[in-house]
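Step one of this worksheet: look at the structure below.
The values are calculated or read from the model by the stated rules, or taken from the named source; none is laboratory data. Given the structure is predicted, the values throughout are model-derived calculations rather than measurements. Neighbour counts run over all protein chains shown; Cβ positions are idealised from the backbone, glycine included. The accessibility values were calculated without ligands, DNA or RNA, using every heavy atom of the protein model including side chains. Shrake-Rupley method; radii C 1.70, N 1.55, O 1.52, S 1.80 Å.
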Amino acid sequence: MVLFIVIPACRESFFKKSDMDDAIIIGAGIGGLVCGCYLAKAGMKVLIAEQHYKPGGYCTSFKRNGFIFDAAAHSFGGYREDGIVRKVFEDLEIDKRVEITRFDPSDIIITPDYKVSFWTDLDETINDFQTAFPEESNNVKNFFNFLINPDTMFLARMRSWTFKNLIDKYFRNYKLKAILSFPIFGNGALPPSKISAFIGAKIFTEFLIDGGYYPVGGMQTLSNALAESFKEYGGELQLSSPVKKIKVINKEAKGVFIKNGEFIASKYVISSCDARQTFINLLGKKMVDQDFLNKLNHMIPSLSMFVLYLGMDKNFNPKQNIGSNIWYLPHYSIEKMYLAAANRNINNLSEYMVRISSDKKSILAFINTSCRNKIYWINNKNKLIESFITKLTQIIPDISKNIIFKDAATPYTLYRYTLNYRGAAYGWASTPSQLADPDFRKPSFIQGLYLTGHWSTQGLGIPGVTYLGYNTANLLIKKEKTKK
Amino acid sequence: MSTNNVEQEIISIISDVSGFDEEEIKPDTNFFQDLEIDSIKAIEITVAIEKKFKIQVRDKDVPNITTLKQAVELVNTLLTQKATA
Ligand SMILES: Cc1cc2nc3c(=O)[nH]c(=O)nc-3n(C[C@H](O)[C@H](O)[C@H](O)COP(=O)(O)OP(=O)(O)OC[C@H]3O[C@@H](n4cnc5c(N)ncnc54)[C@H](O)[C@@H]3O)c2cc1C
């Protein structure tokens, strides 16, 4: 047998190697992968343990009956010249591994009265909204101006605001407010009266104004590229390796136990998976501060999703924009939509998002939903698939005649593949009171433990967790450098 | 809590959130220019301060926490208000 020892060229060398890992990351979602890449690139000895047999978490794709479907995430934002995702992908050489395209418009909102789009050219977007709501013309301009020229201080001041507070400051027309709140609901799973204004503003800047990017070949290629870079920087990725326990001695994380009880020692443990699991199962209640445990039990997760996957025949020739996220808003009360989603059943489907793949071979559509339970989904999944397809005829009238494959992911499916609590789509619900809690990044009662990813109360979606992965790695790198 | 302790606790919070060593955090160090603090980290620092000192920072005071000196002043004022309330 020939052994090749690869010494990665780009590794910096201020870390001394030892048998012990410098850092173990739990979970190879985008958050964990980005964090791992930066740490490994800085020369740290890093292991990422992932329970699934492929990397990506919610950013994966799968193949069924010859069709390739994105499992959950289906586009991303934050890739403008000075965007966080662009910076990270350049730093980690992802842009060399994957070709990124952009769909124009990225998002289209259709209501019984209006059709407005988010174009790659912001002026065009503003024009769309102004044409639809001429009486709000100046407000539209001011609102988008505020978003693209964010005042750091003002954003920080908005910490206790809801998105409703923000949108009421700018607009009067309730239909316009609903249209602007709808993609916030879709991408944040909360209505304007509940979602943090800070997160709402971020969804606009990172998902909508600068959204619509897509890795050629599917979302999995992105996760695979991150995994490749990670390995090239010297990191070790163990797939099919669920972490079972975090070992703690004297209130300090010392490593993890993986599947077969094997112990891996490390200086830092970074959990990039579900936070309840991290504290309750992996650390164990005994290790968790009582006040924090009380808080944890009152934290509210985001809603889950019901995701529909359709495979289409060769004759499928839709008139709708391919690659765009098409949002259908049947009425103007997002608050009612949220209540319906929180009590989802097969008879209360109304709003949804649908996206036709660029090769027109497949369709992904989703609705927000409460988690319900496994039995409910066993009994109702197929019924919901059928009523969802009927609803889709509002946008794609003759869709049924071209469908040759149909399946869906229920909240339970999402949970099973990622272990996200109750199949939550975006980690903790992004309410103002759950925003930026430092204990969900670096718990004060355990040394050496960090959290990153969409359960760390600071961001969601691919841009959010990319930022968090990058930021968590930087915290550790700075810490290690100052020690030397 | 003495002023020195308040300052030390705040330094430790800022160091945790920014990743900068405690030594680098001086009374007039500007969070935004010198410590790479962005809006979400500013919120995180505020939440951590509230939790540590069991006080409530008003939204309008958040932009006034741009240096360690300002943060210590604000916390001391709020602690005094709490004690006399
Ligand atoms: C249906 C749907 C559509 C979405 N669409 C978009 C979109 O278009 N654009 C966008 O930006 N965002 C979208 N999002 C949100 C986005 O996908 C997530 O916010 C983001 O991918 C979360 O990344 P993460 O790394 O924090 O967590 P995850 O992706 O959940 O990764 C966590 C990883 O940890 C692993 N893990 C869990 N427990 C363990 C354990 N004990 N041991 C080892 N490994 C473990 C999991 O298997 C998983 O791989 C969507 C979400 C859903 C559900």
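Summary of values
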| read-out | value |
| --- | --- |
| Packing-based ranking, highest mean first, of A:167-173, A:338-344, A:313-319 given that Cβ atoms within 10 Å are counted | A:338-344, A:167-173, A:313-319 |
| Bins of 10 Å, starting at 0 and running to the largest distance - Cα pair percent for the stretch A:303-418 | 13, 47, 32, 8 |
| ³J(HN,Hα) computed for each position of the stretch A:192-202 - Karplus, 6.51 cos²θ - 1.76 cosθ + 1.60, integer Hz, glycine/proline x | x, 6, 10, 7, 4, 4, 4, 5, x, 5, 5 |
| Chain A - percent relative contact order, Cα under 8 Å, separation 6 or more | 23 |
| Where the Cα pairs of the protein assembly as shown fall when distances are cut into 10 Å bins, in % | 3, 17, 28, 27, 17, 6, 1, 0 |
| Calculated from backbone phi, Karplus (6.51, -1.76, 1.60) coupling profile of the stretch A:371-383 in Hz, x at Gly/Pro | 6, 6, 10, 4, 4, 4, 6, 4, 6, 10, 4, 5, 5 |
| Over chain B, relative contact order from alpha-carbon pairs under 8 Å, at least 6 apart, % | 35 |
| Extreme residue, positive dipole direction of chain A, given options A:G57, A:N250, A:S137 (C-beta unit charges) | A:N250 |
| Potential extension, A:S400-A:N142 segment - 0.36 nm per residue separation minus Cα distance | 88.6 nm |
| Where labels lie 7 Å past Cα in the beta-carbon direction, separation of B:D61 and A:N127 in nm | 4.8 |
| Amide H partners (placed H, <5 Å) of A:V248, local residues excluded | A:K254 |
| For the stretch A:104-208, alpha-carbon Rg over 2.2 N^0.38 Å | 0.99 |
| Other-chain or far-sequence residues with amide H under 5 Å of A:A408's (modelled H) | A:Y309 |
| Dipole magnitude (debye, nearest 20) for chain A, charges at Cβ of Lys, Arg, Asp, Glu | 1560 |
| Value at 222 nm in deg cm²/dmol, rounded to 500, when DSSP H runs of n ≥ 4 in the protein assembly as shown each add -39,500 (n - 2.57) | -11500 deg cm²/dmol |
| Interface area, A with B, accessible, probe 1.4 Å, both sides summed, Å² nearest 100 | 2200 |
| Added length on full extension, which subtracts the Cα-Cα distance from 0.36 nm per residue, A:I375 to A:D168 | 70.4 nm |
| Sites A:K319 and A:Q290, calculated FRET efficiency, Cβ-Cβ separation with R0 51 Å, nearest 0.05 | 0.30 |
| Charge-dipole axis of the protein assembly as shown as Lys and Arg at +1 and Asp and Glu at -1 on Cβ define it, positive-most pick from A:Y38, A:T418, A:I100 | A:T418 |
| Two-decimal ratio, the stretch A:274-353, of alpha-carbon radius of gyration to 2.2 N^0.38 Å | 1.72 |
| Amide proton proximity set for A:G43, modelled H, under 5 Å, gap of 5+ | A:E12 |
| Per-residue ³J(HN,Hα) for the stretch A:258-267, Karplus 6.51 cos²θ - 1.76 cosθ + 1.60, θ = phi - 60°, Hz, x for Gly and Pro | 9, 2, 8, x, 5, 9, 10, 7, 7, 6 |
| Beta bridges by DSSP in chain A, antiparallel share as percent, to the nearest 5 | 70 |
| Relative contact order %, the stretch A:299-437, counting alpha carbon pairs below 8 Å whose residues are six or more apart | 41 |
| Ranked by how many other beta carbons lie within 10 Å on average, peptides A:184-196, A:366-378, B:17-29 from highest | A:184-196, A:366-378, B:17-29 |
| Reciprocal of mean inverse Cα separation for the stretch B:3-84 (Kirkwood radius, Å) | 12.5 |
